[in-house]
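See structure below.
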Amino acid sequence: MKLPPFEYACPATLDEAIALLASRDGDAKAISGGQSLMPILAFRLASPSLLVDLKKLKGLDQIKIDASGITLGAKVSWRQIEDDKRLATAHPLLQEMISHVAHYQIRNRGTVGGSIAHADPAAEMPGFSVTCDAKIVVKGSSGERIIPAGEFFEGPLMTVLEADELITEIRLPPWPAARRWGMLEFARRRGDFAMGGVAVFYDLDAQGRAVDAHVGVIGAGSIPHRVPGAEAAINGTTVDETAILAAAKAAAAGVEPLTDIHASAAYRRNLISVLLERALRAAVAR
Amino acid sequence: MPTSKHRAVFEVNGKAVDIEVESRTTLSDCLRHQLRLTGTHVGCEHGVCGACTIIIDGAAVRSCLTLAVQADGSQITTVEGISFDEGLTPLQTAFRKHHALQCGFCTPGMLMTAHALLTENPDVDEEGIRHVLSGNICRCTGYIPIIQAVLEARAAYKKPENA
Ligand SMILES: Cc1cc2nc3c(=O)[nH]c(=O)nc-3n(C[C@H](O)[C@H](O)[C@H](O)COP(=O)(O)OP(=O)(O)OC[C@H]3O[C@@H](n4cnc5c(N)ncnc54)[C@H](O)[C@@H]3O)c2cc1C
Ligand code: FES
Ligand code: FES
């Protein structure tokens, strides 16, 4: 469909953008890459009175890597992540996850901040941020907040973001070179939203036992989340077959997937379990 | 609810454009209706089919997911900009040879996507081509001929004078 009527503004600074968002009692929306918002408008699922384009805002499109971790500006595109050679060692899981996001043309425009604000439960970036203990930095009329990703998502397309708040950056803890990890998802066609996806990583202690396991799932409920039961099944083990099967079983029990036109809840539950099993084998072999 | 009007100054296929656009007009509609460049096709109008693919500042994008006003300051190439007035380009020749089109509805998007891809990476392998073309839907050909055409067209992009 054609888009509903709205006004458009393209402010030059973050403060102006926030003031514009605050000026409409929650009825204004930011537009970054437009790759989720434009379809939403075309379907007339939303009809904001004002779109505030983030295009001219400076300094939000950098990937910074240093000893304190990795910082992604909110306007960093999928394509930038894909092309950044440093990330192959600085955060291989990030590059692997992002390689599953959407298609070529969409990847040239879609941004990490837009994806996190959009909060699709099957989307990779929200799931990744939860799995990796990311901190989401937001700025609004009442100042800056730093929100742990695990507290950011409230439901499908729902977050704790206020109407006048913008995401400015996503901060990730450093990634140790020896970390074991695996990531798998299943979609009917590469680039489509996942019917289910799993990311897992852990470190090994001096005895070769897994510590600090993180297991995160997407497409397996109304928000992306970690699966503590599966993490407990991995921690303290050598990640042998017994531990892998126990973690896979715990993952099936630890998700509440929904039935929709693409797959039943039972299918998704089984899918998550199988994906974790395979992702763990990949982690061991890495 | 009101809309707003904006001046947009950009370049399409090397020609300067200076127009007034309505806030809610998509770039695909602007190209087709305001600029009469009807080579860009609009299939789904919500980002899933790829028919509307154009190149903005060197990057292939979906013109239905871009507002016309957002084109301000950019350089745009549409399918009209990658064809000759007479005869076929190497990419078009390859499409013709391999029967990479039937009804032709998806073709502008396929050509623009292939052109952007081959310009970036003329050495791309079949898997890479399949990966990139996964964003473009064709209901006629079954894709195999399109992939063959793009594989063959690679040669022309290795020599800058033919691109
Ligand atoms: C055909 C198709 C397939 C896709 N497949 C996938 C997929 O497999 N996986 C996936 O993850 N995504 C997929 N996407 C979505 C895509 O990744 C989007 O780019 C992404 O979800 C949103 O990023 P954006 O910059 O385009 O945001 P926009 O569309 O500009 O905005 C999305 C929402 O975020 C808000 N917003 C944007 N930036 C900010 C900010 N800095 N602060 C606060 N709010 C902000 C907007 O107001 C809006 O509500 C797909 C899209 C399409 C069209
Ligand atoms: S018309 Fe733009 S993607 Fe279908
Ligand atoms: S040739 Fe008909 S849709 Fe592709």
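Here is how the numbers come out for the structure above:
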| read-out | value |
| --- | --- |
| Within a Gaussian network of chain A (alpha carbon springs, distance under 10 Å), most fluctuating of A:GLY191, A:GLY229, A:GLY208 | A:GLY208 |
| Gain upon complete extension [A:GLU151, A:ARG281; 0.36 nm per residue less C-alpha separation] | 43.8 nm |
| Residues A:GLU144 and A:ASP25, FRET efficiency given R0 of 22 Å [Cβ-Cβ distance, rounded to 0.05] | 0.50 |
| Percentage relative contact order, segment A:180-285, counting C-alpha pairs under 8 Å, at least six apart | 29 percent |
| R0 of 56 Å, Cβ-Cβ distance A:MET1-B:THR93: FRET efficiency to nearest 0.05 | 0.90 |
| Cα-based reach from A:LYS56 at 13 Å (exclusive), listing aspartates and glutamates while leaving out same-chain residues under 8 positions away | A:ASP15, A:GLU16, B:ASP72 |
| Spin-label pair B:GLU120/A:THR89, simplified geometry with 7 Å Cα→Cβ offset, distance in nm | 2.5 nm |
| Radius, Kirkwood style, for segment B:90-157 when every pair of distinct Cα atoms is counted (Å) | 11.5 Å |
| Over segment A:63-172: Kirkwood hydrodynamic radius from C-alpha pairwise inverse distances, Å | 14.0 Å |
| Using θ = phi - 60° and Karplus 6.51 cos²θ - 1.76 cosθ + 1.60, couplings along segment B:18-34 (whole Hz; Gly, Pro as x) | 9, 9, 9, 10, 7, 3, 8, 6, 6, 5, 4, 5, 4, 4, 6, 8, 7 |
| Net charge over other residues, Cβ less than 15 angstrom from the Cβ of A:THR242 (K, R count +1; D, E count -1) | 0 |
| Using a Förster distance of 22 Å, the FRET efficiency for B:CYS140-A:ARG188 (Cβ separation, nearest 0.05) | 0.60 |
| Long-range HN-HN contacts of A:GLU154 with modeled amide H, under 5 Å | A:THR159, A:VAL160 |
| For chain A, built as a Gaussian network whose Cα springs stay under 10 Å, the top-fluctuating residue of A:THR242, A:THR111, A:THR71 | A:THR242 |
| Paramagnetic reach from A:VAL211 (point 7 Å along Cα→Cβ, amide N under 20 Å) across segment A:182-198 | A:182 |
| Cβ-based net charge around A:PRO4, under 11 Å, with every Lys or Arg adding one and every Asp or Glu removing one | +3 |
| Segment A:193-204 - phi-based ³J(HN,Hα) in whole Hz, Karplus 6.51/-1.76/1.60, Gly and Pro as x | 4, 5, 6, x, x, 9, 10, 9, 8, 7, 10, 10 |
| Across A:LYS75/B:LYS158; A:LYS2/A:LYS75; A:LYS64/A:LYS135, pairs whose alpha-carbon gap is larger than 21 Å | A:LYS75/B:LYS158; A:LYS2/A:LYS75 |
| Mean Cα-pair separation over length for chain B, i.e. relative contact order, pairs under 8 Å, 6 or more apart, % | 23 percent |
| For segment A:223-229, Karplus couplings with θ = phi - 60° (6.51, -1.76, 1.60), whole Hz, Gly/Pro x | 9, x, 8, 8, 10, x, x |
| Under 10 Å, Cβ to Cβ, from B:ARG7 - net charge with Lys/Arg +1 and Asp/Glu -1 | -2 |
| Sequence of B:CYS138, B:CYS44 once ranked by neighbouring C-beta atoms within 10 Å, starting from the fewest | B:CYS44, B:CYS138 |
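Read-outs throughout are calculated quantities, based only on the coordinates presented, and are distinct from any laboratory measurement. This is a predicted model, so every value here is computed, not measured. Note that each Cβ is placed from the backbone with ideal geometry, even for glycine, and that neighbours are counted across all protein chains shown.
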